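**Q** Before I ask anything, here is the structure I am working with.
Read the figures in this text as sums done on the coordinates, not as results from a lab. Keep in mind that this is a model prediction, so the values were computed, not measured. Here the Cβ positions follow ideal geometry from the backbone for every residue, glycine too, while neighbour counts run over all protein chains shown.
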Amino acid sequence: MRLATYTHKRHTGAPRAGMVQGDRIVDVAALLGSDTPVEMLALLERGPEGLVALSAAAGGFAEEFRDALHVPQDLAVPAWEAKLLAPLPQPPSLRDFYAFEQHVRAANERRGRSVPAAWYEVPVFYFAHPGSVYGPDDNVPKPAATNELDFELELACVIGKNGRDIPAEDALSYVAGFTIMNDWSARDIQRQEMSVGLGPAKGKDFATSLGPFMVTTEELADRLVDGRHDLTMIARINGEEVARGNAKDLHWTFAQMIERASQNVELQPGDVIGSGTVGGGCLLEFGEQAHPWLQAGDEVELEIERLGRLRNTIV
């Protein structure tokens with residue numbers, strides 16, 4: 001299933017969860033027979049059983065309206081009329097790992113050092129700010145203090161049930177789905193902060209983009225090989241391709257990331273876990289001579305096979 005958080009002129013109140021079927025968005029609440037709107041987090045809090053029930057209801061809906069020219073307005077809206085938000089506009093938590101070796105090596109070379117030995121011992125992450133999440137086609141403000149604004153092309157998973165001290169061999173059963181993530185970075189601020197031994201903090205917390213959809217795990221099962229998804233990842237700036245990689249190149253798998261993230265703490269439905277930047281997936285790796293830092297007016301589009309395209313404009 002391809003799930004989205006959306007708003008539409010027919011609906012009032014909070015954004016609601018929808019399932020994308022072709023050129024329409026089917027309301028999750030209507031599919032599940034709920035009298036009140038269902039938000040994405042509330043859907044995930046129903047656990048895996050909730051997604052199973054939704055999938056069954058979606059199959060019945062598709063069969064019933066297979067040849068219909070029109071669908072009742074209380075069930076679905078035209079996709080082109082809806083405004084898509086981040087699948088989880090404010091996730092309970094947002095962790096970003098550092099899991100692609102090519103990116104880690106290139107970033108450290110830029111800083112004049114080799115990859116720290118500890119990186120090969122455990123998967124590491126930092127906490128991003130869940131209150132600074134942007135969705136597809138949102139404008140992302142450029143922090144006034146930075147002259148080195150960067151994007152980061154990432155894959156992210158969304159946790160679908162509670163779990164603590166989750167072993168890697170069971171970890172993927174805790175994943176509800178995957179989405180595209182752009183970890184916006186102010187490199188000059190990040191560099192200043194991390195010289196102290198902490199961070200990245202203000203170098204990162206101003207913006208993270210997610211979307212356009214959350215694609216559930218069964219939709220990607222045929223691309224899962226040795227714990228990694230074979231999915232092409234592309235970044236474009238103002239329509240020009242600047243980066244291309246593949247999610248299968250992860251050094252640390254999402255199962256290993258989840259195991260690490262859940263040590264001594266409980267993960268919750270809706271928690272987002274980012275992969276870190278795919279190799280070649282940010283301007284830091286190119287160098288300013290190859291491509292200038294992002295400026296107001298630049299459009300950044302990230303595409304991951306089967307997950308869609310996440311587009312934002314810097315303002």
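**Q** In nanometres, what is the gap between the two model label sites at residue 290 and residue 241, each 7 Å from Cα along Cα-to-Cβ?
**A** 1.5 nm
**Q** Which value in deg cm²/dmol, rounded to the nearest 500, describes the helix-derived mean residue ellipticity at 222 nm for the chain, given -39,500 (n - 2.57) per DSSP H run of n ≥ 4 and division by the residue count?
**A** -5000 deg cm²/dmol
**Q** Kindly identify segment 173-252 as rounded, prolate or oblate by the Cα gyration tensor criterion: order the square roots of the eigenvalues as a ≥ b ≥ c, call it rounded if a/c is under 1.5, otherwise compare a/b with b/c, prolate if a/b is larger, else oblate.
**A** Details: a/c = 2.10, a/b = 1.69, b/c = 1.24.
Note, shape of segment 173-252 comes out prolate.
**Q** Additional query: Take each of the peptides 15-22, 4-11, average the number of other beta-carbon atoms within 10 Å over its residues, and list them starting from the highest.
**A** Order by mean packing, descending: 15-22, 4-11.
**Q** Can you tell me the relative contact order of the chain? Whole percent, Cα pairs under 8 Å, sequence separation 6 or more.
**A** 24 percent
**Q** Another one. When only C-alpha pairs under 8 Å and at least 6 residues apart count, what is the relative contact order of segment 2-84, in percent?
**A** Working: 106 pairs, mean separation 30.6, N = 83.
Relative CO of segment 2-84 lands at 37 percent.
**Q** Ok, one more. Among 116-128, 173-185, how do they line up by average Cβ neighbours within 10 Å per residue, starting with the highest?
**A** 173-185, 116-128
**Q** Quote the charge dipole size of the chain about the Cα centre in Debye, to the nearest 20; the model charges only the Cβ of Lys and Arg (+1) and of Asp and Glu (-1).
**A** For this selection, approximately 500 debye.
**Q** Can I ask one more? Scan [x] 66, 48, 42; [y] 66, 45, 28; [z] 61, 44, 31 for the value of Cα extents along the principal axes in Å calculated from this model and give just the label.
**A** Read-out taken from this structure: [z].
**Q** Spelling out what I want: for every residue of segment 108-122, take phi, set θ = phi - 60°, compute 6.51 cos²θ - 1.76 cosθ + 1.60 (Karplus), and round to whole Hz; glycine and proline get x.
**A** With coefficients 6.51, -1.76 and 1.60, one gets 6, 4, 4, 8, x, 8, 8, 5, x, 4, 5, 4, 7, 9, 9 Hz.
**Q** Fewest first, what order do 265, 104, 71 take by the number of other Cβ atoms within 10 Å?
**A** Neighbour counts put them in this order, fewest first: 265, 71, 104.
**Q** To continue, here is another question. For each of 271, 165, count neighbouring Cβ atoms within 10 Å of the residue's Cβ, then give the residues from fewest to most.
**A** 165, 271
**Q** Considering the chain as a Gaussian network with a 10 Å cut-off on Cα pairs, which listed residue, 276, 160, 239, attains the greatest mean-square fluctuation?
**A** Result for the chain, Cα springs under 10 Å: 239 fluctuates most.
**Q** Can you tell me the order of 23-30, 250-257 when each peptide is scored by its average per-residue count of other Cβ atoms within 10 angstrom, highest first?
**A** Sorting 23-30, 250-257 by mean packing, highest first, produces 250-257, 23-30.
**Q** Leaving out same-chain residues fewer than 8 places away, which lysines sit with a Cα under 27 Å from that of residue 142?
**A** Within the straight-line cut-off, residue 142 pairs with 83, 202, 204.
**Q** 5 Å is the cut-off here: which amide hydrogens, built 1.01 Å from N in the peptide plane, fall below it relative to residue 98, excluding neighbours closer than 5 in sequence?
**A** 124
**Q** Hey, if you drop one equal point scatterer on each alpha-carbon of segment 179-315 and run the Debye formula without solvent, what base-10 log of I(q)/I(0) do you get at q = 0.17, 0.18 Å⁻¹?
**A** With one equal scatterer per Cα and no solvent, log10 I(q)/I(0) is -1.11, -1.23.
**Q** Could you give the length gained by full extension between residue 299 and residue 62, i.e. 0.36 nm per residue of separation minus their alpha carbon distance, to one decimal place?
**A** Once the chain is fully extended between residue 299 and residue 62, it gains 81.8 nm.
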